[in-house]
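S.K.: Can you read through this structure? Questions will come right after.
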Amino acid sequence: MAHDRIREIVIVGGGTAGWMAAASLKHHFGNAPINITLIESSQIGTIGVGEATIPTIRRFYQALGLSDIDVLRATGGTCKLGIRFNDWLRPGSCFIHPFGLYGQDLKGVAFHHYWMRLRANGEDVPLADYSLGASLAAGGKFVTPSRNPPSSLSVFDWALHFDASLFAKLMRQVAERAGVRRLDARITDVNLRGEDGFIESVTLDSGGRVAGDLFIDCSGFRGLLIEEALHTGYEDWSEWLMCDSALAVQSEGKGAPPPYTDVTARPAGWQWRIPLQHRYGNGYVYSSRHTSDEDAKAVLVGSLDERLLHEPRKIGFHPGRRLKAWNKNCIALGLASGFLEPLESTSIALIETGIEKIKQLFPNRDFNPLVIDEFNAMSRLEMERVRDFIILHYKANQRTDDPTGFWRHCREMSVPDTLQKKIDLWRAQGHFIRYRWEMFSQPSWLAIYDGFEMLPETYDVSVDGLDVRQLSAALTEMRKSVRETVDASPTHGDFIEQYARPQAVAAE
């Protein structure tokens, strides 16, 4: 009934999560009689570390009427074809996790089985040679994907590196143009209803109150509503994800920006390097149980040979999730809902999927428990699946130069049953398990398995029926097709210079 409808949505916290939610929800509800108020204090800074994304971000902002070029120009952005992992398997190793396919499947049999048949026959050609996305990235090239790819060899996707604060500013512009109201204020109290403990309103430092039907907590690690007011609880995942600290620093950068994120294994964790047009983002994610802040800073600063734009900033965190992403009439998004280290650039993607779930399961004022339970079940499964994918990167390492013991611990630790089952079935038969609510599909798992030399013990028996010379010739043609496309493509630097420079951003 109309009188049961949600009329007032209050978003607490701005930043990337808050303004993405405000812009997307206002666009979704259109002219429906729903008011959205966002409360943020200009005196409170944001974390602003996550500057790398996965391809879903492009669908997100395109739905708001923004083009790729719009966002690249407004955020000092560059193009991302994947992630390059340096020294993760062992020192000197390197592989790329691309946004795209490998080779061509045939007769219902996945390509990697054909590739493994040739490996067994002595042809040790890198799997990445059959991936256009990985090959473009390795060559420093960039071209937008074909709208009508002639074959699966041409299928790849891309994401963005951008200045997170500028992206939040862009989302704010979209949201406010659509009618979202912004209040610049601190929240001093959260007022709960006596009869059921639901949030009734928040009190501002001005003394005013803002009431709402539905509250969305985008207040970051603090969890002002979901935790401090509602005491939701937290599930800690440090048993498997030992990194609990990060140092972040921006630098001038040198040379043309590569079309990928760099992540490099370090003594007690890993280091990121993210290229923007106007600067580079750098950071060291590490375990405080295996190194000190001082040593971590020395490793980070010592690896950078360009001018730093500020002193490294320390960020502490606890990997895990809120026991409920939705509690009573409050939904947590972004860091307020939990934290997974940014190894696979999932932080912003989890904000996107959280917003989509709000749209799908938007409640009435009675807040049906069935709706809340479904939202929480979906959120839990999705976080766990991403968690498992990240754990795999640590578990699969073969590093023996391990002065802190960090990598040995990761290699020897037990992992969640859901991940162990995936690994076991892959090793036994080269088979992928696809769980519900997974963010990463089979090509991504294949990229990580291959990069860490976790190959199956056998391949599909049907492949034995093929003439090995014909199979070799067919795969040679695939590699040739990929190579010719890469050779004919412009450099990433040329692409940025041609299309994304008109609104270049000054260095901070």
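The values are calculated or read from the model by the stated rules, or taken from the named source; none is laboratory data. Because the structure is a prediction, the values reported are computed rather than measured. We place every Cβ from the backbone using ideal geometry, glycine too, and count neighbours over all the protein chains shown.
S.K.: Looking at (1) surrounded by 17 or more Cβ atoms within 10 Å (Cβ to Cβ); (2) within 28 Å of ARG501 (Cα to Cα), which one does ARG59 not meet, given that it meets all the others?
M.R.: In the conditions (1) surrounded by 17 or more Cβ atoms within 10 Å (Cβ to Cβ); (2) within 28 Å of ARG501 (Cα to Cα), ARG59 misses (1) alone.
S.K.: Hey, could you check segment 372-395 for residues that are farther than 13 Å from LEU343 by Cβ and among the hydrophobic types (A, V, I, L, M, F, W, C) and say which is surrounded by the fewest Cβ atoms within 10 Å (Cβ to Cβ)?
M.R.: ALA377
S.K.: Sticking with this one: Any idea which residue in segment 348-362 is surrounded by the most Cβ atoms within 10 Å (Cβ to Cβ), counting only those that are without any contact (Cβ under 8 Å) to a residue 24 or more places away in the chain and part of a helix (DSSP H, G or I)?
M.R.: Taking the candidates together, the pick is LYS357.
S.K.: Looking at ALA134, ALA175, which is the one that is outside the structural domain of LEU446 (by TED's automatic domain parsing), touching a helix residue (DSSP H, G or I) at 6+ places or on another chain (Cβ under 6 Å) and touching a residue at least 60 places away in the same chain (Cβ under 8 Å)?
M.R.: The conditions single out ALA175.
S.K.: Same structure, new question: On the basis of being closer than 21 Å to ALA349 by Cα and hydrophobic (A, V, I, L, M, F, W, C), does LEU101 make the cut?
M.R.: In short, yes.
S.K.: Now for a separate question. Of all residues in segment 416-469, count the ones that are surrounded by 15 or more Cβ atoms within 10 Å (Cβ to Cβ), basic (Lys, Arg) and farther than 29 Å from GLU356 by Cα.
M.R.: 1
S.K.: Of the residues GLU227, GLU200, GLU235, which is part of a strand (DSSP E or B), in contact (Cβ under 8 Å) with a residue 40 or more places away in the chain and among the acidic types (Asp, Glu)?
M.R.: Every option except GLU235 fails the conditions.
S.K.: Now a separate question. Only helices (runs of 4 or more DSSP H) wholly contained in segment 377-474 count here; list those with 1 or more residues that are within 21 Å of the chain's Cα centre (by Cα).
M.R.: 417-429, 442-451
S.K.: Which one is surrounded by the most Cβ atoms within 10 Å (Cβ to Cβ), of the residues in segment 221-260 that are more than 26 Å from GLY77 (Cα to Cα) and of a type in the set (Asp, Glu)?
M.R.: Residue satisfying both the conditions and the ranking: GLU227.
S.K.: Given segment 1-87, what strands (runs of 3 or more DSSP E) lie entirely inside it while holding 1 or more residues that are of a type in the set (Ser, Thr, Tyr) and touching a strand residue (DSSP E or B) at 6+ places or on another chain (Cβ under 8 Å)?
M.R.: 35-40, 78-80
S.K.: Report the residue count in segment 93-108 for those that are closer than 26 Å to THR353 by Cα and either part of a strand (DSSP E or B) or modelled with pLDDT under 95 (or both).
M.R.: Result for segment 93-108: 4.
S.K.: Tell me, yes or no, whether segment 183-196 has at least one residue that is buried (at least 19 other Cβ atoms within 10 Å of the Cβ), in contact (Cβ under 8 Å) with a residue 12 or more places away in the chain and among the charged types (D, E, K, R).
M.R.: The answer is no, given that none of the residues of segment 183-196 is buried (at least 19 other Cβ atoms within 10 Å of the Cβ), in contact (Cβ under 8 Å) with a residue 12 or more places away in the chain and among the charged types (D, E, K, R).
S.K.: For a quick check of your reading of the model, give me the residue pairs whose first member lies in segment 305-319 and is within 26 Å of SER337 (Cα to Cα), whose second is among the polar types (S, T, N, Q), with beta-carbon atoms closer than 6 Å and at least 6 apart or on different chains.
M.R.: From residues that are within 26 Å of SER337 (Cα to Cα), the pairs are GLY316/SER245; PRO319/SER238.
S.K.: More than 18 Å from the chain's Cα centre (by Cα), over 30 Å from LEU166 (Cβ atoms), among the basic types (Lys, Arg) and not in a loop (DSSP other than H, G, I, E, B): does that describe ARG90?
M.R.: The answer is no for ARG90.
S.K.: In this structure, does VAL263 turn out to be surrounded by fewer than 23 Cβ atoms within 10 Å (Cβ to Cβ), of a type in the set (A, V, I, L, M) and in contact with a strand residue (DSSP E or B) (Cβ under 9 Å, 6 or more places away or on another chain)?
M.R.: Considered against the rule, which asks whether it is surrounded by fewer than 23 Cβ atoms within 10 Å (Cβ to Cβ), of a type in the set (A, V, I, L, M) and in contact with a strand residue (DSSP E or B) (Cβ under 9 Å, 6 or more places away or on another chain), VAL263 comes out as no.
S.K.: Condition first: assigned to a helix (DSSP H, G or I) and touching a residue at least 12 places away in the same chain (Cβ under 8 Å). Can you find one or more residues in segment 363-374 that meet it?
M.R.: Yes - at least one qualifying residue is present in segment 363-374.
S.K.: Another one. Quick one: in segment 243-265, of everything that is in contact with a helix residue (DSSP H, G or I) (Cβ under 7 Å, 6 or more places away or on another chain) and not in a strand (DSSP E or B), which residue is nearest to SER292 (Cα to Cα)?
M.R.: The selected residue is TYR260.
S.K.: Hey, any hits in segment 25-37 for a residue that's buried (at least 20 other Cβ atoms within 10 Å of the Cβ), of a type in the set (Phe, Trp, Tyr), assigned by TED's automatic domain parsing to the domain that holds LEU340 and over 30 Å from PRO456 (Cβ atoms)?
M.R.: no
S.K.: Tally the residues that are touching a Ser or Thr at 6+ places or on another chain (Cβ under 7 Å) and modelled with pLDDT under 95, restricting the search to segment 278-305.
M.R.: 1
S.K.: Being closer than 16 Å to LEU333 by Cα and at pLDDT 95 or above narrows it down to one of LEU225, LEU204, LEU192, LEU241, so name that one.
M.R.: Going through LEU225, LEU204, LEU192, LEU241 in turn, just one is closer than 16 Å to LEU333 by Cα and at pLDDT 95 or above: LEU225.
S.K.: Among the numbered criteria (1) among the hydroxyl-bearing types (Ser, Thr, Tyr); (2) at pLDDT 95 or above; (3) not assigned by TED's automatic domain parsing to the domain that holds LEU136, which single criterion is violated by TYR499?
M.R.: So the condition that TYR499 fails would be (2).
S.K.: Select, from THR37, THR46, the only residue that is at pLDDT below 95, among the β-branched types (Val, Ile, Thr) and under 23 Å from CYS330 (Cβ atoms).
M.R.: Exactly one of THR37, THR46 is at pLDDT below 95, among the β-branched types (Val, Ile, Thr) and under 23 Å from CYS330 (Cβ atoms), namely THR46.
S.K.: Looking at PHE367, PHE406, which one is on the phi > 0 side of the Ramachandran plot and out of contact with any helix residue (DSSP H, G or I) (no Cβ under 6 Å at 6 or more places or on another chain)?
M.R.: Selected residue: PHE367, the only one of PHE367, PHE406 that is on the phi > 0 side of the Ramachandran plot and out of contact with any helix residue (DSSP H, G or I) (no Cβ under 6 Å at 6 or more places or on another chain).
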